[in-house]
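Before any comments, here is the structure.
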Amino acid sequence: QCLYQFLAFVPPSNESLRKPGTASVMVDTQHPLTLLLNSSVGDRDLCKTQYHFGEFGNYSLVVKTLSTSNQTVSCDLIINEGPINSYLPILFAFLVYMGILALLIAGRLLMKIDPVRNWVYKKLNPRATDRMINSELGSPNTTDSINCDPAPQSWSSGSRQRLRSLDTFRGLSLVIMVFVNYGGGKYWFFKHESWNGLTVADLVFPWFVFIMGTSIALALGSMLRWGSSKWKMLRKIIWRSFVLILLGIIVVNPNYCLGPLSWDNLRIPGVLQRLGFTYLVVAALELLFTRADSGTWEGRFPALQDILPYWPQWIFILVLETIWLCLTFLLPVPDCPRGYLGPGGIGDFGKYPNCTGGAAGYIDRLLLGEKHMYQHPSSGVIYQSTMPYDPEGILGTINSIVMAFLGLQAGKITLFYKDQPKQIMSRFIIWGIVMGVISAILTKCSKEEGFIPINKNLWSISYVTTMSCFAFILLLLIYYLVDVKKWWSGAPFLYPGMNSILVYIGHQVFANYFPFKWKMQDSQSHAEHLTQNLTATTLWVIISYILYRKRIFWKI
């Protein structure tokens, strides 16, 4: 439903030289395009053709006059040079990483062979050979080990108490986030969707919010069992939220590109700001109603012991969601239809060019001011919207709280059914199905035609339920592989997952520095972009691994 945009003027042919009029243009290849040919005389449509062009293909639209009396023409699309297969670099990168994985697995299997392991240790550290051999024979007893190095013993016991699947899920989300933030090889599906719909880039932030909610349940429950007072914990929650918001405003601020940072162009919303505020609300809500003893509930319906005792929390979340629905669909927005959820610009046939985001955009512009919002929203790519719009704005924060609360529910399930993996997995499946059904109803299983489309820019409720569905199912799979069957250690995603704040801030601060970025020979090459982006992402995984080995973890 986009307005036609002027592409080119084709001059008339030179009949004396029998030379046709030509015009050369470059077109987008992400979506199918409709080309409309108009007559310069009378402004009538001569022909219309729809085609999905391929990357670096060369095409001709040949227009011939069939009848001069009634201006009948034919339009034939000819492929002069076929498009390239732009996905080959992804296949090559996949094979390279699979090869590295195979080598690591082979090396690990070889290290289980005693002669090979002894030879490697001898080559790496000849002085420690005797000590290693004695250790293999069981010479130092447990008491000696603890007395010699108490830190590793206490650290490893602490790490065993962590839910490794949660750190792995967090690390997986973070690695994808770093990759797409660095450019994702310039593939469209590694960029944010222009408006309605989903790409890979749209998955990771809500998963991060979901994991944060799960961590809140586990952390607060643990602190209360250790006897921490609620007032002390509340002060820590407020401080952590404040630091996250401050880091987002001062350190990670995309409006730096507009010049030296000042109040005139300071972006107030942001990823860390939203994480900080969401954490504050959800953690305070959980602290208010959580108990140190999460034993079996004595009331009716014991199967709902992770839900019914916390009914005030659910009422609070439902009230918040009602507020979001009322503001989104009932708030009057000047010069815009009530309940508008579109991108503005040339979308909706250009009828509402300044209505990007409807009520969500209007509230941000009213309360924050246009200069304190994100200046280059993804809707500008296709819909050519000119209004600033912030995907981490005020109204969408309500639904990020809902997302974190659903993650909190996953954490409660893990606490209430500790050492009962079948109960945990069955409940994850049920929650995933429930969220999926709600999404299907809200969207009518359609990208554009549903009651509330899936939209990352708006953080629509259908986006939250869909991402929660994915999160429950993915957490279930990782939990089964890592914590239940122990078939997978969680590596390499475990390492960035345990240093998430450092990796996120670091990848933003050093994004334009070598070796994370360098000057490319061909800026149009997917292969070069993919190589650079994968190299940068891999470096952050290696950095997080080194920090993990040195037991350096940055916590707020």
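The values are calculated or read from the model by the stated rules, or taken from the named source; none is laboratory data. Note that this is a predicted model, so its numbers are computed, not measured. So basically every Cβ, Gly included, is an ideal-geometry build from the backbone, and we count neighbours across all protein chains shown. For accessibility, only protein heavy atoms count, side chains too; no ligands or nucleic acids. Shrake-Rupley method; radii C 1.70, N 1.55, O 1.52, S 1.80 Å.
Summary of values
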| quantity | calculated |
| --- | --- |
| Segment 452-556, relative contact order in percent, only Cα pairs under 8 angstrom and at least six apart counted | 24 percent |
| Apportionment of accessible area to carbon and sulfur, the chain, percent (1.4 Å) | 63 percent |
| Out-of-range pairs (alpha-carbon distance over 32 Å; input 48/191; 447/486; 456/486; 371/550) | 447/486; 456/486; 371/550 |
| Highest to lowest packing among 203-216, 32-45, 358-371, scored as the average C-beta count within 10 Å | 203-216, 358-371, 32-45 |
| Efficiency of FRET from Cβ geometry, residue 61 and residue 423, R₀ 45 Å, rounded to 0.05 | 0.15 |
| Euclidean distance of C-alpha centroids, segment 398-450 and segment 327-385, integer Å | 30 Å |
| Partners for residue 519 among aspartates and glutamates (Cα-Cα distance below 16 Å; same-chain residues under 8 apart left out) | 528 |
| Binned Cα-Cα distance frequencies in the chain - 20 Å width, integer % | 17, 46, 28, 8, 1, 0 |
| Inter-site label distance for residue 189 and residue 19 at 7 Å from Cα along Cβ, in nm | 4.5 nm |
| Candidate lysines for bridging to residue 230, where Cα separation is under 29 Å - those fewer than 8 sequence places away on the same chain excluded | 412, 418, 555 |
| Between helix 421-443 and the chain: long-axis angle, C-alpha atoms, 0 to 90°, nearest 10 | 20 degrees |
| Rounded to 10°, Cα long-axis angle of helix 311-330 versus longest principal axis of the chain | 10 degrees |
| Residue order for 192, 376 - accessible surface, 1.4 angstrom probe, largest first | 376, 192 |
| Within straight-line cross-link reach of residue 236, aspartates and glutamates at Cα separation under 17 Å, skipping those fewer than 8 residues along the same chain | 286 |
| Cα-derived Rg over Rh, computed across segment 449-523 with Rh taken as Kirkwood radius | 1.14 |
| Burial order of peptide ranges 104-112, 268-276 (average beta-carbon count within 10 Å, highest first) | 268-276, 104-112 |
| Average Cα contact separation per residue, the chain, under 8 Å, 6 or more apart, as relative contact order % | 17 percent |
| Inter-site label distance for residue 367 and residue 524 at 7 Å from Cα along Cβ, in nm | 4.6 nm |
| Charge tally in the Cβ shell below 12 Å around residue 219, where Lys, Arg are +1 and Asp, Glu are -1, residue 219 excluded | +4 |
| Peptides ranked, highest mean first, by Cβ atoms within 10 Å: ranges 57-66, 387-396, 514-523 | 387-396, 57-66, 514-523 |
| Taking segment 1-98 and dividing mean pair separation by its residue count, relative contact order in percent (alpha carbons under 8 Å, at least six apart) | 17 percent |
| Helix-only CD estimate at 222 nm, as mean residue ellipticity for the chain, using -39500 (n - 2.57) per DSSP H run (n ≥ 4) | -16500 deg cm²/dmol |
| Tilt relative to the chain, helix 88-111 - C-alpha long axis, 0 to 90 degrees, to 10 | 10 degrees |
| Selected from 98, 79, 400, residue furthest toward positive end of dipole (the chain; charges at beta carbon) | 98 |
| Net lengthening on full extension, residue 28/residue 44 (0.36 nm per residue, minus Cα-Cα) | 3.2 nm |
| Accessible area (Å², per residue) of the chain, counting only protein heavy atoms and a probe of 1.4 Å | 55 Å² |
| 3J(HN,Hα) from dihedral phi, segment 495-512, Karplus parametrisation 6.51/-1.76/1.60, rounded to Hz, x for glycine, proline | 5, x, x, 8, 9, 5, 5, 4, 5, 5, 5, x, 5, 6, 5, 9, 4, 9 |
| Two-site FRET efficiency, residue 106 against residue 9, from Cβ-Cβ distance with R₀ of 60 Å, rounded to 0.05 | 0.45 |
